[in-house]
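Have a look at the structure below before the remarks.
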Amino acid sequence: MKNLTSVQESITNKTNNVVFISSESCSICHVDEPKARKLAEDYDIPFHHLDIIQEPELAGTFEVLTVPAVLVYHNGKEIARQARFIDFSSLENLLQQLPKDSEATDYQNLFR
């Protein structure tokens, strides 16, 4: 598990990032985290797991009101988010389409 500062640095410095926010007491989080981690690893995207109980400021920083939450970043900008009920097939579809480098992204084509 990482801390907020290291995740923010990665979001700034890496082209793509997946942030998974959970809580120790959330049973579905324990099921969904390995699935989200595997998808990120399959597409060679940095994966960050944060616990909202250990770092309560996450709620305000990422504007997360419920867990589990998965946030996807490209070039430092949040481009997708899912919370509570995660649709892993749509998450995988998005990760497949993400450009691997930071050249100009045509967001119109990305979200067709």
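The values are calculated or read from the model by the stated rules, or taken from the named source; none is laboratory data. These numbers come from a predicted model, not from an experiment. Glycine also receives a Cβ, built like all others from the backbone with ideal geometry; neighbour counts cover every protein chain displayed.
Points to keep in mind about this one:
- Leading residue by the ranking (farthest from CYS29 (Cα to Cα)) among those in the stretch 48-80 that are surrounded by 15 or more Cβ atoms within 10 Å (Cβ to Cβ) and free of Cβ contacts under 8 Å to residues at least 24 places away in the same chain: ALA80
- Residues located in the stretch 72-107, provided they are hydroxyl-bearing (Ser, Thr, Tyr) and either in a helix (DSSP H, G or I) or modelled with pLDDT of 95 or more (or both): TYR73, SER89, SER90, TYR107
- Selection status of ALA69, of a type outside the set (D, E, K, R), at pLDDT below 95 and within 16 Å of LEU4 (Cα to Cα): no
- GLU33 meets the stated requirement of being of a type in the set (Asp, Glu), touching a strand residue (DSSP E or B) at 6+ places or on another chain (Cβ under 6 Å), under 17 Å from LYS2 (Cα atoms) and assigned to a helix (DSSP H, G or I).
- Qualifying positions in the stretch 5-38 - surrounded by 16 or more Cβ atoms within 10 Å (Cβ to Cβ) and hydrophobic (A, V, I, L, M, F, W, C): VAL7, ILE11, VAL18, VAL19, PHE20, ILE21, CYS26, CYS29, ALA36
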